[in-house]
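Take a look at the structure set out below.
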Amino acid sequence: MKLGSVVVLEVVENVKIASHGRDNEPAIIKREKKEVEFMVQIFCNAKHMTKDNLCLNCCEFLAYTKKRLDNCPYQAKKPACGICDLSCYEPKKKEKGLKVFTYSGPRMFFKHPVLAFRHLMDAFNQPKKPNL
Ligand SMILES: [Zn+2]
């Protein structure tokens with residue numbers, strides 16, 4: 001019985017991490033998760049005729065992207081994904097990512113100018129290979 005409640009607690013903790021991020025999560029990771037969420041939303045709404053929710057495929061892609069961000073070895077020193085030398089996405093996800101970002105990137109200017117502006121600043125300001 002005791003073991004059971006530990007497992008439940010762990011599951012609850014994991015769900016919390018998945019939906020709200022870790023407590024010590026660097027600001028840039030938090031922000032990029034928000035950005036990618038926004039971009040997938042724009043893409044899915046337009047291409048897959050969804051409204052406030054995401055289709056299964058985009059939902060899965062978003063979860064994958066957030067997991068990549070969680071596992072990014074650069075964390076606080078993370079460069080913009082587009083110029084990163086790690087290419088940590090598997091080929092199929094990378095392909096989808098390119099579609100999503102090229103479609104939604106320019107549209108972010110109209111829907112969420114602040115996020116879009118920050119995203120561009122990151123792409124241009126950060127060094128290609130951050131020192132770990
Ligand atoms: Zn979709």
Of the numbered conditions (1) more than 12 Å from the chain's Cα centre (by Cα); (2) modelled with pLDDT of 90 or more, V36 satisfies every one except a single condition; which is it?
(1)
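Results for (1) in contact with a helix residue (DSSP H, G or I) (Cβ under 7 Å, 6 or more places away or on another chain); (2) assigned to a helix (DSSP H, G or I), shown as yes or no for each residue.
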site	(1), (2)
F38	yes, yes
L54	yes, no
P73	no, no
P79	no, no
Output the residues belonging to segment 42-64 that are closer than 21 Å to C81 by Cβ and more than 9 Å from the ligand (Cβ to nearest atom).
I42, E60, L62, A63, Y64
Hits in segment 45-63 (condition: under 10 Å from the mean Cα position of the chain (by Cα) and buried (at least 16 other Cβ atoms within 10 Å of the Cβ)):
F61, L62
Which of the residues belonging to segment 83-113 are loosely packed, with under 13 Cβ neighbours inside 10 Å, modelled with pLDDT under 80 and over 21 Å from A46 (Cβ atoms)?
S87
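The values are calculated or read from the model by the stated rules, or taken from the named source; none is laboratory data. None of these values were measured; they are calculated from a predicted model. Backbone-built Cβ (ideal geometry, glycine too); neighbour counts: all protein chains shown.
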